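Worksheet: one structure, shown below.
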Amino acid sequence: MESHVVQLVQLCLNGIAIGAIYALVALGLVLIYKATEIINFAHGDILMASAFVGWGLITIAGLPFWLAALVTMLLAAALSYVLEARVLRVIVGQPQFAGAMLTLALAFMLRGAVSMAFGPTSRTFPTPWTGQTTHLGPLVIADLNLVILVAALVITALLFFFLRRTSVGISVQAASQNQLAAYLCGIPVKRLNSMVWAMAGAMAAVGGLLLAPIALVDIGLWYVVLKALAALVLGGFGSIPGAIVGGLLIGIVEQLAGVYLPDGFKDVMAYLVLIGVLVLWPRGILGEAHGRRV
Amino acid sequence: MRFPYNTSYRDAQKLLRYRADWLAYGLLAAVLIAAPWILPRYYVGEATYIFIMCVASLGLMVVTGFTGQISFGHAAFVAIGAYTHTLLLTAGVPFIVSIILAGVFTGLIGLLVGLPAIRVSGLHLAMVTMAFAIIVEQIVGRWKSVTGGFTGIPVPPPRIFGFDLGAQKPFYFLCLAVLLAVLAALVNLLRGHAGRAFVGVRDSEAAALSLGIWIAGYKVLAFSISAGITGIAGALFAHHVQFVTPEGFSLLLSLELVIMVMIGGLGSLRGAVFGAVFISLLPTAISAMKPFLPDRVAGQFGLETFVFGLVLALFILFEPMGLNGRWLKLKSLFSAFPLYRKDTFRRGKTYMKSERYR
């Protein structure tokens, strides 16, 4: 193969790996949005906090990676459950803006708490795949990227199975379509909403543990939530497959922009895509069409 | 209790109707005029900063509080105003012309950013504006030939008719004068035709449309006015910092402005001022509190962020009407003093209401 084709494929592969994380984060956001109609701006901070907790468990407590990952996921899930049940439920019925602002406030508090507990320095932790690579013809793929991709695929598949095939999952769908009707059918809507938040929290923890080895364990990790919002908008707001497609596309576009466009475009590409899609094509790729009700 | 009773058309037009208003605002004016001679130097600078933030939060209030369009990107307008003003001053344009041009130019940019507001609404618009702010911050950082990049550019001192207003006291009064002008303009705008159209668009687009209000036009107009005022605040901000760098206009400033508007109480100009005062004083209050906290907490870098989040969360949970709502409640308690009922201000039960199809 010619060198620039190899480069292109390589970039796409890297983009898919990053994009898989964006997709995971976007998936958590879309689950929460569908269940409680809140855009959870604190999602990125839960991810960042999980990365720090994972670092603490691995390097300070000396736990093996898998155990640490499990504990981190459970902690993040518990945190999200409590946030929904004790804080966000108070403002049910207020305009959407209030929900967004409340999650923003929680985001600030988490960010402040993490930087008070761990300090502003960035750090890194070892994973079982750090530094290993797989050669595929002329392509070099870091094992970590493969793991990210596999993890994202597994979580997506589990989520699909859960939402389509289990009775709890179908209850979640019912509650997200019409809460009152679901409640009258005997579905415990409140508990389901908290559970959806807990699931999203666990997914954020996975995202944090996978993103930290690529980036660094740093306060700035929360920024990924903004990229995930761009992914969500591109894929079509409120669509689960759309979140995945959007995430992967944003990841690829970013990598390509870093090489083929002038310096500086890589950082803003996701936001340019966000504005462009919302202005020209608000439905997104897989978004549902809906009219305006009076 | 006092009920307005108009005996002439002019009665209804007056801004200060009662003797109590004249007294209260007169006292406030006297305090503000005397302040630079009473307060220590540091607090005069703080007060100036508060005035500038008041102007910016009044700008945001027009679009978020009155028209119901959420903007998470007003720091971009502050930045555009600051850089335009600085560049014009450096090119030799007189101060008054330059600050007006900065406002007009920022307003035009706001017009462009407001155009998507016709198509997207609610949180989608919040995302568009947030993305816009991030992009502007990057552009300002990268466009070295004009903005000086991350090293920044110095701001010439403000001079009006040959008088240098760069010193602390004159600049305090300059900012106060601009704040008063903006406040007067907005009070009159918002009780006139345009202001009522804004509120109509906020409360129900369908109802507003059926009354013949041109929704798209008023949305864009609100965005443009808001951006223009924020641009003026940016011009003053440039003089306050004396050296403009992109770091001053990060996403954090946008969020701070939104928090001011939210904490102050959406839909009231008084709320915008209250919110700006409260949030601008918060860092000072936190650093004043630090000696009383345990060292482990006080020395940390994230304390301020944490307190900001905590204050915002408490307001949303317990006082969604903000500081202005609290003020009105106190006032009505006093005016109806003996007739107080425990449930006067109890909030009714609310239910989940989908906004997904709006």
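General remarks:
- Selection from the range B:109-124 of residues that are under 15 Å from B:Ala227 (Cα atoms) and in contact (Cβ under 8 Å) with a residue 24 or more places away in the chain: B:Ile109, B:Gly110, B:Leu111, B:Val113, B:Gly114, B:Leu115, B:Ala117
- Answer residue from the range B:251-267, given it is more than 17 Å from A:Phe41 (Cα to Cα) and open to solvent by 20 Å² or more (accessible area, probe 1.4 Å) and is nearest to the other protein chains (Cβ to nearest Cβ) among those: B:Leu266
- Test: residue in the range B:206-217 that is at pLDDT 90 or above, of a type in the set (Ser, Thr, Tyr) and closer than 30 Å to B:Val93 by Cα: no
- Residues in the range B:335-346 that are within 21 Å of B:Phe318 (Cβ to Cβ) and surrounded by 11 or more Cβ atoms within 10 Å (Cβ to Cβ) were compared, and the one that is modelled with the highest pLDDT is B:Phe345.
- Residue within the range A:26-38 that is within 19 Å of B:Met127 (Cα to Cα), in a loop (DSSP other than H, G, I, E, B) and out of contact with any Cys (no Cβ under 9 Å at 6 or more places or on another chain) present: yes
- The criterion of at least 1 residues that are at pLDDT below 90, closer than 25 Å to B:Leu183 by Cβ and acidic (Asp, Glu) is met by none of the helices (runs of 4 or more DSSP H) falling completely within the range B:228-334.
- Test: residue in the range A:83-93 that is open to solvent by less than 10 Å² (accessible area, probe 1.4 Å) and within 15 Å of the chain's Cα centre (by Cα): no
- Elements of type helices (runs of 4 or more DSSP H) in the range B:149-224, at least 1 residues being loosely packed, with under 13 Cβ neighbours inside 10 Å and of a type in the set (A, V, I, L, M, F, W, C): B:168-190, B:205-210
- Helices (runs of 4 or more DSSP H) within the range B:1-96 that include 2 or more residues surrounded by fewer than 24 Cβ atoms within 10 Å (Cβ to Cβ) and of a type in the set (Phe, Trp, Tyr): B:19-38, B:41-61
- Residue in the range A:108-143 that is farthest from B:Val311 (Cα to Cα), counting only those that are aromatic (Phe, Trp, Tyr) and at the interface with chain B (Cβ under 10 Å from one of its Cβ atoms): A:Phe118
The values are calculated or read from the model by the stated rules, or taken from the named source; none is laboratory data. All of these numbers come straight from a predicted model, not from anything done at the bench. Reconstructed Cβ throughout: ideal geometry from the backbone, glycine too, with neighbour counts over all protein chains shown. All accessible areas refer to the heavy atoms of the entire protein, side chains included, with ligands and DNA or RNA removed. Shrake-Rupley method; radii C 1.70, N 1.55, O 1.52, S 1.80 Å.
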